Amino acid sequence: SRGEIQFGGSAYLGIAKIVRRADIDANASDLVFIVPLEEYLPGVLAKELFKGWQPITYQAQAIAARSYAACEMEWWRNRRHYDVVAGQASQAWVGATSDAKSLDAVANTRGQYLVFDGRVVPTYYSSCCGGLPSSAVDSIRDGTWTQIAPLYVTQKGRRTQCCEKAPTAKWQASFSIAETVERMNEWAKQNGRKDLGPMNGMKSFVVGDKNSVGRSMTFLITDKNGKRFTWDASDFRVALNSGANGSRDSLKSSALEPRLDGGRLILDGRGYGHGAGMCQYGAEFMAKSGKSPRAILERYYPGATVVTMPETSSASATTSALVSS
């Protein structure tokens with residue numbers, strides 16, 4: 001159908017494809033929409049950004065979202081039956097949208113990609129870096145295509161004039177030690193990580209390695225038996241969030257400073273998301289300061305440039321987005 005398809009209270013564009021997933025369950029299926037790339041992107045912007053944000057922020061996000069989708073399309077080619085997930089596992093997607101700011105930003109940047117050394121950059125981005133950005137290879141995926149200059153953290157010290165005023169720039173979370181250990185042990189078991197568990201309680205929890213700006217990369221944990229474990233900060237966040245009942249019971253990022261207080265683990269956190277690439281709150285700050293979309297992208301992906309490639313990026317390019325499984 002060329003019209004909108006209703007599902008779960010939302011309207012979606014493109015061709016709906018239902019793929020059976022016998023590997024999950026006899027009755028399981030994936031719902032995938034195959035959408036022209038330029039029609040897919042407005043639904044990303046409408047979900048990723050706040051309605052009151054600047055048109056310049058939307059344009060920078062459009063170029064980043066287009067570049068990210070193109071890289072995901074290539075990476076997952078012949079690996080799985082969809083390119084991106086309509087959520088935090090890839091980038092958010094609301095489906096069909098009439099939001100004028102999102103539609104205009106995509107139209108005004110049509111065919112524009114972020115390129116480094118002749119290749120499209122996998123433009124990872126997150127809501128708020130908290131002044132402590134991360135390299136993509138540390139926070140997301142360990143592969144040769146993330147080991148490029150635009151995705152490295154090169155500065156020293158906290159990032160300034162970025163997202164200091166964001167509501168998630170600084171926050172605190174508290175968990176009982178018992179609940180923390182239970183979630184960590186369960187995640188380690190489910191993922192076959194015998195090096196991470198099981199733990200018997202918790203005697204100490206301290207930061208191990210930090211990156212060049214002071215973001216925690218690893219945690220060193222000793223249990224009651226004196227056994228020591230080294231956890232990647234990103235794995236720790238995923239482990240705790242996998243057992244969460246909601247946003248108040250989860251971690252916004254892995255940029256954490258831990259301390260034990262009685263029977264509880266207190267975590268002072270910064271930012272929201274993995275911290276790699278563009279900081280959306282930082283992009284909005286730059287847009288309000290009069291910076292262009294290119295200037296925003298040059299800050300968060302140093303060394304990369306915006307290139308227009310109309311012959312490969314117009315109506316002929318399509319992406320497949322997983323909406324539900």
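A few remarks follow.
- Residues located in segment 236-248, provided they are open to solvent by 40 Å² or more (accessible area, probe 1.4 Å) and either free of Cβ contacts under 8 Å to residues at least 24 places away in the same chain or not in a helix (DSSP H, G or I) (or both): Arg237, Asn241, Asn245, Ser247, Arg248
- Residue check for Ala28: open to solvent by 40 Å² or more (accessible area, probe 1.4 Å) and farther than 25 Å from Arg66 by Cα: no
- Total residues in segment 192-213, condition buried (at least 16 other Cβ atoms within 10 Å of the Cβ) and either touching a helix residue (DSSP H, G or I) at 6+ places or on another chain (Cβ under 6 Å) or not basic (Lys, Arg) (or both): 8
- Residue within segment 8-29 that is within 23 Å of Lys291 (Cβ to Cβ), touching a residue at least 40 places away in the same chain (Cβ under 8 Å) and out of contact with any Asp or Glu (no Cβ under 9 Å at 6 or more places or on another chain) present: no
- Meets criteria (in contact with a helix residue (DSSP H, G or I) (Cβ under 8 Å, 6 or more places away or on another chain) and open to solvent by 10 Å² or more (accessible area, probe 1.4 Å)) for Ala317: yes
- Of the helices (runs of 4 or more DSSP H) lying entirely inside segment 72-190, those carrying at least 3 residues that are under 30 Å from Tyr12 (Cα atoms) are 100-108.
- Selection status of Arg264, closer than 13 Å to Phe175 by Cα, surrounded by fewer than 17 Cβ atoms within 10 Å (Cβ to Cβ), basic (Lys, Arg) and without any contact (Cβ under 8 Å) to a residue 12 or more places away in the chain: no
- Taking segment 256-325 and the helices (runs of 4 or more DSSP H) fully enclosed by it, the elements with 1 or more residues that are over 27 Å from Lys51 (Cα atoms) are at 310-313.
- Residue pairs whose Cβ atoms lie under 6 Å apart, sitting 6 or more positions apart in sequence or on different chains, and linking a residue in segment 300-325 that is closer than 30 Å to Arg159 by Cα and at pLDDT 90 or above to a partner that is part of a loop (DSSP other than H, G, I, E, B) and open to solvent by less than 20 Å² (accessible area, probe 1.4 Å), are Tyr300/Gly277; Tyr301/Val121; Ala304/Val121; Thr308/Gly111.
- When residues of segment 216-232 are limited to those that are open to solvent by less than 70 Å² (accessible area, probe 1.4 Å) and touching a Lys or Arg at 6+ places or on another chain (Cβ under 8 Å), the one farthest from Ala255 (Cα to Cα): Gly226
- Hits in segment 120-171 - residues which are more than 19 Å from Tyr281 (Cβ to Cβ), surrounded by 13 or more Cβ atoms within 10 Å (Cβ to Cβ), touching a residue at least 24 places away in the same chain (Cβ under 8 Å) and not hydrophobic (A, V, I, L, M, F, W, C): Pro122, Ser135, Asp138, Thr146, Pro150
- Residue within segment 272-283 that is at pLDDT 95 or above and surrounded by fewer than 22 Cβ atoms within 10 Å (Cβ to Cβ) present: no
- Considering residues of segment 47-89 that are open to solvent by less than 60 Å² (accessible area, probe 1.4 Å) and without any contact (Cβ under 8 Å) to a residue 24 or more places away in the chain only, the residue farthest from the chain's Cα centre (by Cα): Trp76
The values are calculated or read from the model by the stated rules, or taken from the named source; none is laboratory data. Values in this document were obtained by computation on a predicted structure and should not be read as measured data. FYI the Cβ positions are ideal-geometry reconstructions off the backbone, even for glycines, and counts take in every protein chain you see. Side chains included, ligands, DNA and RNA excluded: accessible areas come from the protein's heavy atoms. Shrake-Rupley method; radii C 1.70, N 1.55, O 1.52, S 1.80 Å.
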